[in-house]
Amino acid sequence: MLTVRSRRTALAVVAAAGLLGTVAVPTAAQAAGADAKRHKTVNLQLLAINDFHGNLEPPVGSSGTIKEIDPATGKEVATPAGGIEYLATELRKARIPADDSITVAAGDIIGASPLTSALFHDEPTIEAMDKLGLDVTSVGNHEFDEGAQELLRMQEGGCHPTDGCYEAGRTFKGANFNYLSANVTDEKTGKPLLAPYWITKSQGVKVGFIGVTLEGTPNIVTAEGVKGLKFANEVTTINKYAAELKAKGVNSIVALIHEGGYPASAVYNYDCGAAGQGVSGPIVDIAQRIDPAVGAIVTGHTHNAYACSIPDPNGVPRSVTSAASFGRLFTEIDMKLDKTTGEIVRPSVKAANHVVRRTVEKAPDMTALVDHYSKLAAPIANRPVGYIASDINGRGSSDLEKPLGDVIADAQLEGLAPAGKGGAQIAFMNPGGIRSDLVHKASGGEGDGVVTYGEAFTVQPFTNMMQVKTLTGAQLVQLLQQQVSGSNAAAPKILQVSSNLHYTLDMRKTGADRVVLDSVRLNGAPVDPAASYRVAANEFLAGGGDGFPAFAAGTDKLVGASDLDVFTAYLGAHSSAGAPLQAPAQDRIKIIGPGSDID
């Protein structure tokens, strides 16, 4: 039996056990009384975050800023934001004591985390979320980075099966908040891995939360991470459980979805306009098909900021929000609940994102938590591994060819090129795997330009093992075409390439035609369709992840060192205090036409 725990536990356990009955049919007298009270409402506040990714310490580089308009100048500025010490302060200030307030999230609370959390398998972040007052979250794709059993350990507690407990006499207690995985089922039993929904009460009115992750999770997580699991359609799943909640007398329903959209503006509080015109992407179609019984939708995954309205199937506007990522924003959603019908009064729903500014006081309990784990991690995290002459942007670059992507691909080629290590002739890096920037300014006491192991880990936190496979020249070209076709046609994923590969992308065209075939050159020579080439990539990409089946078709696989190991080795070999690494020229992929905004 699944144990669900939180400060609102009792009702959730009853709901999971199926013991909440349907609403009794009212008598005539009861109906008359209900009419008299029809307009009585209660207030509910939701505070929402998403895609925290274990960023306990303030994130650095572009990952640690939010774009907004400076009221004094009217110009767009990048404001430093994020850090659990500041997020806790802001959320605690924002909660309204007189009304019910529920803190929710839309997935990826953990996974792809900086070293202070990741070194301890994200236990510190779970502890921080409990202190923060998180009540419920959907799972995200990164919750599966270490597999289903590790996710269950995050909920239920216990020491890590391999690394054990990190401190003598201290056992990890697990999350006091509720993880929801309505559309993630066990292949053998067909049952949800974790609870599909959670029910609580707000001033006597039942409120239900349904949590799902994106259906395409298996395409963006290693095969081992999702082994034995099935991922169902988001809309079908939410509508199924919305009907189940209504049958239990729960008419105020909120969906927590780890899938998102793309805002019309990079400014966090831009005006969405009418009918959701200010946001595009997968969430639009999803929101338009979700049962109107769902009164509000909290989203994530794309790391973007928006607080918009998208019409439901009846054409009625419905709030759809996302709070960027890394704890840089939180969303405040205020609404009224009808005490008679138990429904969310849709016109009353007001949502706004708020910046987690670093000018507020730090929450002392969070400072103590961060200090505790950062001291434990310090001997590993603070070790210098290289030197840079200036910022080398990865996550913070809007270019299709990212400077840090070039560095990583070169590192992978160099590390896997020796005959005994795979004989790689070319290397590719997936852009989504570059989680941060290398920032020249010191983050601690290491000095400007020094790259520490902790900083390198933040860039490459998955410790995926490297692989080398044999692909034909024809498959190599297919690989390039799959960046802009197939499952990547709508949102191209441009691979980062080692310095010996050059080609042209014509973004004025569509699909596979965007790759200019006669432009593809390896070491200055055309790629021979019939020849064989040894290609290096991390295990996720080499397995066909991110929509690249050409990789999966490769043969003669050799497994090498981890991506992090080859990255840090390259930094050490190619930089010193006197000769720091320079940012690459970004001259490997020639772009024709639009496309610099594609991520």
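The values are calculated or read from the model by the stated rules, or taken from the named source; none is laboratory data. As the structure is a computational prediction, the values presented were derived from the model and not from experiment. Cβ sites come from the backbone with ideal geometry, for glycine too, and all protein chains shown count toward neighbours. Areas reflect the complete protein model, heavy atoms only, side chains present, ligands, DNA and RNA absent. Shrake-Rupley method; radii C 1.70, N 1.55, O 1.52, S 1.80 Å.
Things to note:
- Looking across segment 462-514, the residues that are among the β-branched types (Val, Ile, Thr) and in contact (Cβ under 8 Å) with a residue 40 or more places away in the chain come down to Thr463, Val468, Thr470, Thr472, Val477, Ile494, Val497, Thr504.
- Test: Phe209 is at pLDDT 95 or above, open to solvent by 10 Å² or more (accessible area, probe 1.4 Å) and either closer than 19 Å to Asn178 by Cα or in contact with a Ser or Thr (Cβ under 6 Å, 6 or more places away or on another chain) (or both): no
- Meets criteria (surrounded by fewer than 22 Cβ atoms within 10 Å (Cβ to Cβ) and either touching a strand residue (DSSP E or B) at 6+ places or on another chain (Cβ under 7 Å) or part of a loop (DSSP other than H, G, I, E, B) (or both)) for Asp406: no
- Residue that is least open to solvent (accessible area, probe 1.4 Å), among those in segment 354-380 that are farther than 16 Å from Pro124 by Cα and outside any strand (DSSP E or B): Val356
- Residues located in segment 455-474, provided they are open to solvent by less than 10 Å² (accessible area, probe 1.4 Å) and in contact with a Leu (Cβ under 8 Å, 6 or more places away or on another chain): Ala456, Val459, Gln460, Met466, Val468, Leu471
- Among the numbered conditions (1) out of contact with any Pro (no Cβ under 9 Å at 6 or more places or on another chain); (2) closer than 29 Å to Ala456 by Cα; (3) of a type in the set (D, E, K, R), the only one that Glu332 does not meet is (2).
- Residues of segment 58-65 include at least one that is within 11 Å of Val356 (Cα to Cα) and part of a loop (DSSP other than H, G, I, E, B).
- Yes/no for Lys246 being at pLDDT 95 or above, open to solvent by 40 Å² or more (accessible area, probe 1.4 Å) and over 21 Å from Trp198 (Cβ atoms): no
- Residues (free of Cβ contacts under 8 Å to residues at least 60 places away in the same chain, in contact with a helix residue (DSSP H, G or I) (Cβ under 7 Å, 6 or more places away or on another chain), surrounded by 23 or more Cβ atoms within 10 Å (Cβ to Cβ) and not in a helix (DSSP H, G or I)) located in segment 257-294: Glu259, Ile290
- Yes/no for Ile253 being in a strand (DSSP E or B), in contact with a Gly (Cβ under 6 Å, 6 or more places away or on another chain) and buried (at least 24 other Cβ atoms within 10 Å of the Cβ): yes
- No other residue among Met335, Met429 is at pLDDT 95 or above, over 30 Å from Pro292 (Cβ atoms) and open to solvent by less than 30 Å² (accessible area, probe 1.4 Å) apart from Met429.
- Residue list for segment 313-354, filter: on the phi > 0 side of the Ramachandran plot and out of contact with any strand residue (DSSP E or B) (no Cβ under 6 Å at 6 or more places or on another chain): Gly315, Phe326, Gly327
- Qualifying residues in segment 70-127 (those that are open to solvent by 20 Å² or more (accessible area, probe 1.4 Å), among the charged types (D, E, K, R) and assigned to a helix (DSSP H, G or I)) - the one farthest from Ser138 (Cα to Cα): Lys93
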